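See structure below.
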Number of protein chains: 4
Amino acid sequence: MKAQRVEMFVCPMASPSDTSGLQKLAGSGNIKPDTLVALVGKTEGTGAHDDWGRVWADVVLREWTAKFLDVPLDDVAKNVIFVLSGGCPGVITPHIVAVTREWIETADADGHAGEDPRLVVGRAGSDPMSPEEVGRMGQIRKVAEATRHAMEDAGLTDPHDVHLVMVKVPGLTTASIKDAESRGKSVVSHDLTFGPEGAGVYANDAAALGVAMALGEVPEAKLSDEVVRRNWDLYSEVAMTSSGGEKRHGEVVLFGNSSSSRSSLRIGHAVTKDFIDADGVRNALRTAGLRFNGGLPDESDLSRLVHVFAKSVIPGSDQVRGQRITLLDDADAYQIGKALGGMLIASVTGRTTNYVSGGERNSHQGPPGGNIVAAVVRTET
Amino acid sequence: MKAQRVEMFVCPMASPSDTSGLQKLAGSGNIKPDTLVALVGKTEGTGAHDDWGRVWADVVLREWTAKFLDVPLDDVAKNVIFVLSGGCPGVITPHIVAVTREWIETADADGHAGEDPRLVVGRAGSDPMSPEEVGRMGQIRKVAEATRHAMEDAGLTDPHDVHLVMVKVPGLTTASIKDAESRGKSVVSHDLTFGPEGAGVYANDAAALGVAMALGEVPEAKLSDEVVRRNWDLYSEVAMTSSGGEKRHGEVVLFGNSSSSRSSLRIGHAVTKDFIDADGVRNALRTAGLRFNGGLPDESDLSRLVHVFAKSVIPGSDQVRGQRITLLDDADAYQIGKALGGMLIASVTGRTTNYVSGGERNSHQGPPGGNIVAAVVRTET
Amino acid sequence: MKAQRVEMFVCPMASPSDTSGLQKLAGSGNIKPDTLVALVGKTEGTGAHDDWGRVWADVVLREWTAKFLDVPLDDVAKNVIFVLSGGCPGVITPHIVAVTREWIETADADGHAGEDPRLVVGRAGSDPMSPEEVGRMGQIRKVAEATRHAMEDAGLTDPHDVHLVMVKVPGLTTASIKDAESRGKSVVSHDLTFGPEGAGVYANDAAALGVAMALGEVPEAKLSDEVVRRNWDLYSEVAMTSSGGEKRHGEVVLFGNSSSSRSSLRIGHAVTKDFIDADGVRNALRTAGLRFNGGLPDESDLSRLVHVFAKSVIPGSDQVRGQRITLLDDADAYQIGKALGGMLIASVTGRTTNYVSGGERNSHQGPPGGNIVAAVVRTET
Amino acid sequence: MKAQRVEMFVCPMASPSDTSGLQKLAGSGNIKPDTLVALVGKTEGTGAHDDWGRVWADVVLREWTAKFLDVPLDDVAKNVIFVLSGGCPGVITPHIVAVTREWIETADADGHAGEDPRLVVGRAGSDPMSPEEVGRMGQIRKVAEATRHAMEDAGLTDPHDVHLVMVKVPGLTTASIKDAESRGKSVVSHDLTFGPEGAGVYANDAAALGVAMALGEVPEAKLSDEVVRRNWDLYSEVAMTSSGGEKRHGEVVLFGNSSSSRSSLRIGHAVTKDFIDADGVRNALRTAGLRFNGGLPDESDLSRLVHVFAKSVIPGSDQVRGQRITLLDDADAYQIGKALGGMLIASVTGRTTNYVSGGERNSHQGPPGGNIVAAVVRTET
């Protein structure tokens, strides 16, 4: 039978159009046209819906990938999932993570039984989503379906083995709103920002609920247009979602552990209990397999830490551990909230190349007040 | 002989004009007109030179104090030093710290010999500073002189016993620049922001060099107008300075430990090695006397942690531990930089009522890249 | 019988707490405790819901007025209507307009028949508005009722004689939302900004529809919670509204012309056809009685121009006269939109002391894309 | 002999990478590989030194031009001058202006004597400028030399015939500062913003003084490193300059009128007297040949108005016509100042496709407080 061997390569980017890291990986044979399955990263720029740094990076990376794969530009999305999250305020190094998957022929049908489960990856595209579906059940259902396909692609059947589902979905733009309304359709919001009633967060949150629906974290019966950004008791503990106006379909890349995997990597995740919970970040590293006592992981531990993926949703309350904060009043709360998540992670990992997205107020990505942190660790051998 | 007994009371503020915490302390007798020596705090608002939240808080707190002390408004500054730092982006709870000092009659001329040194405080006002002195030797020398007076007032003779010197000095305003130039004088900058060439940071840094000169951290011979914000090898490890356009003279409040003190508090400080150095924050807590193993202080430790005072100067380099960050490019780097310092401290102290000022790029407050953290801890009894 | 004589005095403010202009007017007898009916102005600060410049100005002006009127602070609102609009980005000079009204004994019951109608003013407070009423029919009805009372107070019966209705209503705050929800009530938005789905604009627009309802511009039957910020065909041409979290009741000050008035001032208004329509501004000056040919009013004209009150709502479309603009995408569209209105007015009036509020996207204040401009002119004698 | 025939084509851009307007011009034969001499435009994005909208547009436009001209990418700059100014806040439509120049064989050596002078264009690149030259005499001299070459290329000898000199020069970046300092060189500023002491404005202003030196507006003897952004009495009335970190050499495109020109266009310029001077804008249109009475140009006039190029430098004073404004205190003064210039122009031209750059505080581009406005008009035939 065939078993997966998954690798991750983290390439810092010197500018939005910097493909030199990928080129080097290609040159060394670490990534190959038939093994590259996803490019996940943080791009520098405003992080807003018209973040030209992200858009430019997206264009350049797709062009690079088309050339690398020797396929037409329009076929790139069928082969490689892109999840680019815009905005690196503070201490978040712009970077791209190349995810590769090889299929290894194994004799043993049961995997390396008795061994620790190891990293697997699956991906799927969704059906196209219309502007009027953004932030609503249409988007939820299409993301749920794509998530199920991604689980299949990963070879996973138990949702508990899923530790991270990254989703990129269409948001709204001035043009797409106009389009919807010209067809007599309403849209979920006219606010193009990532403010609390902004189209961007509705899209992100519908995507998160789609993941939750697929994994059984939230029963479908509880879902409706009305619960999106209203009922915070419904959430996923593994969904990290983002949205961009320029997309027309969703993309899902899903990570989990499987005992049939031949990877040398393992993934784990945890949820912080509140916005300043450094222990929650440590827990994520531990669940992934770093065994450090108290304090911070040391250099030897960190040499095994491949990457951290984290959300930094800002709390909907003005209280943290009983004291008032004014984050919700900050004119640039979106930037500051994302930056703060970057610091929380960096203060634990001792490095700035962490994937941290967020800045929105409240989310169905993680429980109220808490945030999702996933870590990928190289196993000891 | 007389010995000091110093206390600190931390009052969260619900708005810039909230004096209810102070009023309660006054009502309970914890602060008295003849024991209140300083009010130090973080006020909500923009943190910019025209931060009306800070200005309003300053007006209201001075009025409250005048009434409490039963002195004319103009005499408040002679009795109580005010250090209000504007801007609470992110997870910094607006708060005011009331510092009290009682003089205790003791039999023993040598203090409680053999015991640990305990907290003492001293304060001093400086001579008025003209706009043309801001950010230059005039300001440096006047702050140095005030720092020496504050050491005397604290009863300290050895600079090594000094752990925190908070200074508030005049900055520049459109009006004060006009005034200086109408008298044929130049000013250090026409940039009223806290950008890297802004008048606000020149004022802050001249104040820091004034402290460094007074404490012997930098010899006077090395100081000149030209080194301010140019020679980063000159710095203080205990100066936390801020500036506001509306002031005409500097104010210094200085904290240290003395074996003659009868306080139940102790102060310590440390310097972070870089912008994400959570261990540096832990070290500050430990030097002040918290004894926790690895990780984070537990609740019992934290019950003894009275307050943390920290700077969050953003690094002048675009590299942190070898990776590029874009913080210097952030449109709102000043806010984000301050907010990030708030998170670094809160992630260790597990609370948001920390005094964190900063946001400026580079400073003579602390070594290049690093920041000063001071902690006050209640001694175990 | 009694006839009104209304005057307006424009006082630039050097800071949010500057009452020197008012004090001078009081000293010269231009304003008296029994003639001062309203204080309307622009205050410097962020213009956001936590604009401490505006809050501080409000506190200081109320204290000054209490002292001037010799009434308790809580009684100020019964005597003088305050409409302070925060935020003076660009070329809007912070200022306060004192509006006075004297009652003149006249022999003639019909006023000065045959003469031009002249300025009258009326004011009224509304019933308290709960957080759950903000942006909804509750607020609309209470503003409508207050507007009717203000018309009565002005001695006006024909809505066509009304040229400007300034309204200040409560918005939402983190605290008031918490209050409402703790009582099981929903609120119109959790977005505290003035973004397109922000609580601040819902409050402003409910107030505008309240004015429209009172003046018959919109029939009550067409009004409901659902039309607010949804049906842009419903609007007032004379309502200028703003909102602030700290208020609990609405305040209305209404201006019109009456032939029974003994004022030497006259008011007129016009609506711009789009966001760059300088001719619309000129029209407002002309309807108020400035007779200038083409171009700009000359100095003699301007000596008669007492004040201009204008809105600067940003268009909901990304097109102006057929060309795309990116204003809706600007991170600080709220500030820029307000500033642009200030420039449009100043480029015509040749002065910066204009009352310009706005920045919100779309509004029931004025028709879609257009803005309201009212001008008060001294009549020629 | 040969005479110039110059045309300008204004193409709105739907995104930073939109070349459809140019493609259409190419398709219709309006622009040809051997007639295209300059691309001048406004690109959407942050307008900051790391404005990825502008950078992306630059990359895409150069690629398009290389293909159109059938030359290697590196040779584009030798053939076509690019002046892209980033940032379209408010009512500035992103657009690109294609400038073409044909050489017409004429019988008459003296031009069409007796006729009005018509538009000519010249362009030149400068020698490379090192980071340490930015904002200093090195940059001034290299721009002056390039300006003289551009005059020659335009066939102009009298500086009075020059009405607009657009210059793009290198600014500083974190990387180029590091480079300079690693070679023991100092740089003019470490502030990468366009604040009053920012590297961007020093570069812009050195470029302006370079133009002034070349045209004799400022004698070389008065120029030195020390006068840049210090002596505001030195300025050009026709220089519009901008800077970008990614460039290594300057580019100049110069417009004037010549009686030997066979163009159907004419250029004129004027200077506004202050920041709200709409009459100054009207004067620019009139000097270019629009003859309208008072008020605003009508549609027939505007059909002849080809394009307006304007600066919007914000005043160094906090006073406009005797009243205080707080523009200098605005956190986003750079954006707001640029946006206000866009409104001032659009309110006169009745359109939003105007080239408006600026936002910096004070400049050697135009006299203190005033701004340069140039207009190109199609002559009546």
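A few notes on this one:
- Residues in segment C:132-142 carry Karplus couplings, in order, of 6, 7, 4, x, 9, 4, x, 6, 4, 5, 5 Hz; the curve used is 6.51 cos²θ - 1.76 cosθ + 1.60 with θ = phi - 60°, and Gly or Pro positions show x.
- Centroid-to-centroid separation of segment C:198-232 and segment D:179-222 [C-alpha atoms, Å]: 54
- At an R0 of 35 angstrom, the distance between the Cβ atoms of C:Lys67 and B:Val71 translates into a FRET efficiency of 0.95.
- Inter-probe distance in nm under a simple model that places probes 7 Å from Cα toward Cβ, at A:Lys273 and C:Trp232: 4.9
- Peptides B:255-265, B:218-228 ranked from most to least packed by the mean count of surrounding Cβ atoms within 10 Å: B:255-265, B:218-228.
- The contact between chain C and chain A removes approximately 1400 Å² from the accessible area (both sides summed; 1.4 Å probe; ligands, DNA and RNA excluded).
- Helix-only [θ]222 nm of chain C, DSSP H runs n ≥ 4, -39500 (n - 2.57) each, per residue, nearest 500: -8500 deg cm²/dmol
- Sorted peptide list for D:39-52, D:180-193, A:271-284, criterion being average Cβ within 10 angstrom, highest first: D:39-52, A:271-284, D:180-193
- Measuring against 21 Å, Cα to Cα, the residue pairs A:Lys142/A:Lys222; A:Lys78/A:Lys247; D:Lys178/D:Lys247; D:Lys168/D:Lys338; B:Lys24/B:Lys247; B:Lys185/D:Lys185 contain B:Lys24/B:Lys247; B:Lys185/D:Lys185 as the ones spanning a longer distance.
- With 20 Å bins from 0: P(r) over chain C, alpha-carbon pairs, percent: 31, 61, 8, 0
- Summed side-chain charge close to B:Pro159 - residues other than B:Pro159 whose Cβ falls under 13 Å, Lys, Arg +1, Asp, Glu -1: -4
- Assuming charge only on the beta carbon of Lys and Arg (+1) and of Asp and Glu (-1), the dipole of the protein assembly as shown about its Cα centre is about 0 debye to the nearest 20.
- The alpha carbon centroids of segment D:117-163 and segment D:264-291 are separated by 23 Å.
- For peptides A:317-327, A:73-83, D:346-356, sequence by mean Cβ density within 10 Å, most packed first: D:346-356, A:317-327, A:73-83
- Taken residue by residue and averaged, Cβ atoms of other chains lying within 10 Å of the Cβ of D:268-278 number 3.
- Converting phi to 3J(HN,Hα) with the Karplus coefficients 6.51, -1.76 and 1.60 and the offset θ = phi - 60°, segment D:207-223 yields 4, 5, 5, x, 4, 4, 5, 5, 8, x, 6, 10, x, 4, 4, 8, 9 Hz in sequence order, with x at every glycine or proline.
- Inter-copy spacing of D:Ser224 label points, which lie 7 Å from Cα along Cα→Cβ, given in nm from shortest upward: 1.8, 7.7, 7.8
- B:Arg248-B:Arg286 FRET efficiency (beta carbon distance; Förster radius 35 Å; 0.05 resolution): 0.30
- Exam field: B:Lys78 pseudo-label spacings to other copies (7 Å along Cα-Cβ), nanometres: 4.3, 7.9, 8.6
- Split the accessible area of segment A:264-378 by element, probe 1.4 Å, and carbon with sulfur accounts for 45%.
- Chain C Cβ-axis minimum, rotational copy A, residue and distance in Å: C:Glu197, 2
- Alpha-carbon centroids, segment D:1-74 and segment D:301-353: separation in whole Å: 26
- Rg and Dmax, both from the Cα atoms of the protein assembly as shown and both in Å, are 32.9, 113.
- A crude spin-label estimate for the pair B:Lys2 and B:Asn293, with each label 7 Å from Cα along the Cβ direction, gives 4.6 nm.
- Segment B:264-378 - Debye-derived log10 I(q)/I(0), Cα point model, q = 0.10, 0.21 Å⁻¹: -0.28, -1.07
- Nearest-0.05 FRET efficiency for C:Asn79 and C:Thr106, computed from C-beta distance (R0 25 Å): 0.55
- Radius 13 Å from Cβ of A:Lys222, net charge of other residues (Lys, Arg +1; Asp, Glu -1): -4
- Summing Lys and Arg as +1 and Asp and Glu as -1 over all other residues whose Cβ lies under 12 Å from the Cβ of D:Gly322 gives a net charge of +1.
- Carbon-plus-sulfur accessible fraction, segment C:142-257 (probe radius 1.4 Å, protein heavy atoms only): 50%.
- Average beta-carbon neighbours from other chains, 10 Å sphere, peptide B:186-193: 5
- Other-copy label distances relative to B:Gly295, 7 angstrom Cα-Cβ extension, nm: 1.4, 7.9, 8.0
- Based on the Stokes-Einstein relation at 20 °C and a viscosity of 1.002 mPa s, and on the Kirkwood radius from alpha carbon pairs, segment B:170-293 is assigned a translational diffusion coefficient of 126 µm²/s.
- Peptide-level mean, for B:76-88, of C-beta atoms on other protein chains within 10 Å: 1
- For B:Val120, residues with placed amide H under 5 Å, excluding near neighbours: B:Gly256, B:Asn257, B:Ser258
The values are calculated or read from the model by the stated rules, or taken from the named source; none is laboratory data. The structure presented is a predicted model; accordingly, all values stated were derived computationally and were not measured. All Cβ positions, glycine included, derive from the backbone under ideal geometry; neighbour counts span all protein chains shown. Side chains are part of the model used for accessible areas, which takes the heavy atoms of the whole protein and leaves out ligands, DNA and RNA. Shrake-Rupley method; radii C 1.70, N 1.55, O 1.52, S 1.80 Å.
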